[in-house]
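Novice: Quick one: the structure is below, questions incoming.
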Amino acid sequence: MTLAELSLGLGISHQQLQKYETGMNRLSAGIIMDVAKRLDVSLAELFETGVTKQGRSRSA
């Protein structure tokens, strides 16, 4: 999924999503829940470290 696709699904601009991604802006609890739904993961998975479902390492 691209940033453009995710931002469209979230109803925000891709620039705003990039700011969330880089840590320039903080995400609200509502946006975090929406991101989890769009990515089809649990809220807990967004905060886990280690290996993802695809087998790639995820940083803390």
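The values are calculated or read from the model by the stated rules, or taken from the named source; none is laboratory data. Because the structure is a prediction, the values reported are computed rather than measured. Backbone-built Cβ (ideal geometry, glycine too); neighbour counts: all protein chains shown.
Novice: Given the condition exposed (fewer than 13 other Cβ atoms within 10 Å of the Cβ), modelled with pLDDT of 90 or more and not in a helix (DSSP H, G or I), answer yes or no: does some residue in region 44-58 qualify?
Specialist: No; the residues of region 44-58 include none that is exposed (fewer than 13 other Cβ atoms within 10 Å of the Cβ), modelled with pLDDT of 90 or more and not in a helix (DSSP H, G or I).
Novice: Name the residues in region 14-24 that are modelled with pLDDT under 95 and in a loop (DSSP other than H, G, I, E, B), would you?
Specialist: Answer for region 14-24, where residues must be modelled with pLDDT under 95 and in a loop (DSSP other than H, G, I, E, B): just G23.
Novice: Could you list, in sequence order, all residues of region 1-13 that are among the small types (G, A, S) and assigned to a helix (DSSP H, G or I)?
Specialist: A4, S7, G9
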